[in-house]
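Structure first, commentary second.
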Amino acid sequence: MHKSQNFQNKSIIIFLLSIIIPIMILSSCLAYYLQNKIQTQNKTYFSTTLYSISSNMSTYFSDLKRLTLTPYIYDDIINFYTAVDNGQYTKKGPENYKVETYRKNYISCIQRLLITSREDILAISFLPQNLNNQMILTTTKNKDLIETSDYVYRKENWFIDSFISEEPFRYSISKPMPFMSSPSRVISSFHTVKNIYTKRNIGVIRIDSSLDNIQEMFQNVKLTPHSGFIIADQRGEPLYHVGNLDEETVPYLLTKNGKIRTSSDTYTLYRKNIDGMPWTLIFLSSDKDNRQTIIFIWTLAGVLSVLTMLFGCLFFRKNSRKTTFMLNSILNTMESASEGNLNVHVPQEVLSDKNFFVAKEFFMIGENLNKMIHQLDLYIQRSYKYEIQRQEAEYRALQNQVNPHFLYNTLNCFLSLNRLGMKQELENGILQLTHIFRYTCNNEKMTTVEKELV
């Protein structure tokens, strides 16, 4: 039994060294490869996503830019804006019929532009620079002209920056003007309108559009729980974000360093400037989420390796027991035969239990061992009988050869005793001779008690 267990243990060790350990090494290499592959694919995915979204946003803002240039394309628009800035059109109405004609032509032109423009364009507004005429003119797809002077727009930063900024076009994501029933936040494009002939600033044109288009750009982008996209202005201030935004990362959004460490996480920055705009599209990739993915890969590889090892060991141990049992039966049979017991043999139930996973050589060894023991037993029996028969033949031959000489010598001895007068010795000798002849004269090997008594 000890030999059997030793063989089984060595078989399991060989199995572990030859199968399980390579599988574990392969799983580790595969997990490491997948880790690097995922990191590379993430970088490619982030770069491609940034490029795609920034390109779409650049195209989108180019459309807004073209709308802000309409005063220089359509005379009906610039004529009306000039009349408003000059005070020829106030809240009381137009100064003369010519200005009224400007107003009607302006409404017709602006409505055509709104109808043929993007669906997310909400309104086109003009805010004159004239201090004496602070009236805002707004046109939407539902209303031809909204006139109001209640909104003090001159104190707004976007209005002040439009005149002092070196950029001819400015954009913002902010709240709509108070008098408009628009969504909570809109994208606004600003441009300073100049008189074509005098080059004098006459006001600011403002284009408001909804955030739906921006949201649709990010709709199909899959983000991890702690990662996010950010649209930042030239100062690095977040204007819009999708996903998670860690407040600790805000001061470092425009830094050259590709890593930002916070108290709770570490982020990798991917940046892409939006063409034609002073804005930057930023993606913050959370290392915590990446670690979770990597941990999942390594955990999966470890679990699969352990399950493979357990299944392999159990499967191998179960089938090695049959091999070990057969080997043990063969060894026990050989040991008993070597001690002289030729009545043993490998049990037939062992030989009949042929398993696919047990080598057929074991069955051949068991069958041949049984044949060898059987033939050896026959040979020994035949040799033993032959030896007995040979000894009996020699005994009979010797018996046949010795009896005449023995009888001749014995009779001469009796004759001598008679001549010497030794009657008592002669009588004893004759009695002994009769006892001897009782055996020697009988050809049978055995004599019954009945014959002895006769």
Filter pass, Gln389 being assigned to a helix (DSSP H, G or I), at pLDDT 80 or above, closer than 30 Å to Leu342 by Cβ and not small (Gly, Ala, Ser): yes
Residue among Thr262, Thr308, Thr224 that is of a type in the set (Val, Ile, Thr), in contact (Cβ under 8 Å) with a residue 24 or more places away in the chain and in contact with a Ser or Thr (Cβ under 7 Å, 6 or more places away or on another chain): Thr224
Residues located in the range 161-180, provided they are part of a helix (DSSP H, G or I) and surrounded by fewer than 13 Cβ atoms within 10 Å (Cβ to Cβ): Phe163, Ile164
Residue within the range 73-93 that is outside any strand (DSSP E or B) and either under 33 Å from the mean Cα position of the chain (by Cα) or under 16 Å from Ser209 (Cα atoms) (or both) present: no
Out of Ile260, Ile297, sole residue that is surrounded by 13 or more Cβ atoms within 10 Å (Cβ to Cβ), part of a helix (DSSP H, G or I) and under 32 Å from the mean Cα position of the chain (by Cα): Ile297
Qualifying residue in the range 234-247 (condition: touching a Pro at 6+ places or on another chain (Cβ under 6 Å) and of a type in the set (Val, Ile, Thr)): no
Members of the range 56-97 that are modelled with pLDDT of 90 or more and among the charged types (D, E, K, R): Asp75, Asp76
Asn142 without any contact (Cβ under 8 Å) to a residue 40 or more places away in the chain and surrounded by fewer than 16 Cβ atoms within 10 Å (Cβ to Cβ): yes
Check on Ala232, of a type in the set (Gly, Ala, Ser) and over 23 Å from Asn36 (Cβ atoms): yes
Of the criteria (1) modelled with pLDDT under 85; (2) surrounded by 13 or more Cβ atoms within 10 Å (Cβ to Cβ); (3) closer than 17 Å to Asp212 by Cα, which one Asn130 fails: (3)
Checking Phe190 against (1) over 28 Å from Asn79 (Cβ atoms); (2) modelled with pLDDT of 85 or more, the condition it does not meet: (1)
Residue ID - surrounded by the most Cβ atoms within 10 Å (Cβ to Cβ), chosen from residues in the range 182-235 that are of a type in the set (A, V, I, L, M) and outside any strand (DSSP E or B): Ile214
Residue selected from the range 347-368 under the condition β-branched (Val, Ile, Thr) and either modelled with pLDDT of 75 or more or not in a loop (DSSP other than H, G, I, E, B) (or both), by the criterion surrounded by the fewest Cβ atoms within 10 Å (Cβ to Cβ): Ile365
Number of the exception - Tyr151 against (1) in a loop (DSSP other than H, G, I, E, B); (2) in contact with a Ser or Thr (Cβ under 8 Å, 6 or more places away or on another chain): (2)
So Tyr45, is it surrounded by 13 or more Cβ atoms within 10 Å (Cβ to Cβ), under 24 Å from the mean Cα position of the chain (by Cα), assigned to a helix (DSSP H, G or I) and without any contact (Cβ under 8 Å) to a residue 40 or more places away in the chain: yes
Positions within the range 96-129 being in contact with a strand residue (DSSP E or B) (Cβ under 8 Å, 6 or more places away or on another chain), outside any strand (DSSP E or B) and not hydroxyl-bearing (Ser, Thr, Tyr), in sequence order: Val99, Glu100, Arg103, Ile107, Ile110, Gln111, Leu113, Leu114, Arg118, Asp120, Gln129
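The values are calculated or read from the model by the stated rules, or taken from the named source; none is laboratory data. All values reported here derive from a predicted model rather than from experimental measurement. With ideal geometry, Cβ positions are generated from the backbone for all residues, glycine too; neighbour counts draw on all protein chains shown.
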